[in-house]
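Here is the structure we will look at.
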Amino acid sequence: MVALESFVKVLPILASPRNPLSKGAGFAEYLFKFFAEGEFPFLLIGLLLIVVLFTNRFFCGWICPIGTIQDALSIVSPKKKRVKLETHKSMLNLKFFIVILLFIIIIPLGIAKNIDNDFYKDYKASLGDLAENPVGYFSLSEYIFVFFPNLVQEMWDQSGLEPLFTDFWVFVMFSFYIIVLIVAFYYPRAYCRYLCPFGALLAAASDYSFLKLSRSPVRCVGRAECGICEKICPKQIRILDEPFEFFTGNGECNLCLECMEKCPYKAIDFTFG
C-alpha cells in the first residue's frame, strides 16, 4: 500500500513537512521553521503581504485544500448549524492564541541559536518535534496529508491498530482532529474560523488589503427585511453591522462570494482601493 503522501507530493499547495522537496510546507510552517532556525524570512513575509494586499483571503476561499474539504463536508451535511454569537466571537480568538503561543515558544529558540548554542541544544531537545515542525500539531493539513496517511500505512504494515495506541500523543492528535472534522460537518469552516494558524496571520492583515467587498447603502434593505447575506455566510460574519464602504468581518471574510451570489438586491460587490 502506498501512503497518500507520496501522491500529494507533486501538488505544491498540498506539500507537507515530510516532503523531500520542502523543509516547511505552507506559509505558516515555513515562517515558524525560519524563526526556529534563528532567521527572519524577509522575502517570505514580503511575498505574503503582497499576496494579501492584492488578493486578500482569496487563497482561503478558493484554493486552500483544507477549506475545500470542509466545504465538501458542509455540502453533504444534512443540517448546518450556527454557533451562538457570543460563543462564536470568543472562539474566534483561539487561532490568534495559537499563533501567539507559537511565537512565545519558538522565537526564544531562534534567538538562542544565535547567541547561546548550549542553551539552544537543550531547549530544542526539550521541545522535541515541536522544534522541527512548530505548526504541525495545530495543522489540519498536517493531519490529513501526513499524519493520517502514515498512521494508516503503519497499521497496514502491522496488520492491526497497535500504532494508534503506542504513543499517547498520537492517539490524542488522531482523536482531536476526528472531532474537528465531525464539527466541521455541522458547522461550516469550523477549523478555518477557530484554529487555523495561517488564517490568523491572514486575518491580521486583511483589513489593509486593496481587495474587499462592499455593500450598497441604496440597495441593501437591512437585517429586518432581509439579512440573507448573514444567514448564508459560512464564517457567520455580521455583515450588516459592518460599514457600507467595505467589510472583512475583522479579517474573517475569505471572499467565498456566497453573500454576493445570494443577495436578492445585488447590494454586495467588489471594491478595490
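Some values worked out for this structure:
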quantity: Odd one out for residue 207, checked against (1) modelled with pLDDT under 95; (2) in the same structural domain as residue 94 (by TED's automatic domain parsing); (3) not small (Gly, Ala, Ser); calculated: (2)
quantity: Residue under evaluation residue 131, criteria (1) under 18 Å from the mean Cα position of the chain (by Cα); (2) crowded, with 17+ Cβ neighbours inside 10 Å; (3) within 23 Å of residue 32 (Cα to Cα), criterion not met; calculated: (1)
quantity: Some residue of region 141-153 being in contact (Cβ under 8 Å) with a residue 24 or more places away in the chain and under 17 Å from residue 31 (Cα atoms); calculated: yes
quantity: All positions within region 60-95 that are under 20 Å from residue 182 (Cα atoms) and outside any helix (DSSP H, G or I); calculated: 64, 77, 78, 79, 80, 81, 82, 83, 84, 92
quantity: Unique match (being closer than 29 Å to residue 41 by Cβ and in a helix (DSSP H, G or I)) among 179, 98; calculated: 98
quantity: Residues that are surrounded by 13 or more Cβ atoms within 10 Å (Cβ to Cβ) and over 30 Å from residue 192 (Cα atoms), drawn from region 99-126; calculated: 111, 112, 113, 119, 120, 123
quantity: Unmet criterion (only one of (1) in contact with a Lys or Arg (Cβ under 9 Å, 6 or more places away or on another chain); (2) assigned by TED's automatic domain parsing to the domain that holds residue 82) for residue 126; calculated: (1)
quantity: Selection count, region 147-188, where residues are among the polar types (S, T, N, Q), modelled with pLDDT under 90 and exposed (fewer than 15 other Cβ atoms within 10 Å of the Cβ); calculated: 3
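The values are calculated or read from the model by the stated rules, or taken from the named source; none is laboratory data. Remember, predicted model here, so these are calculated numbers, not experimental data. In this analysis, Cβ positions are derived from the backbone assuming ideal geometry, glycine residues included, and neighbour counts consider all displayed protein chains.
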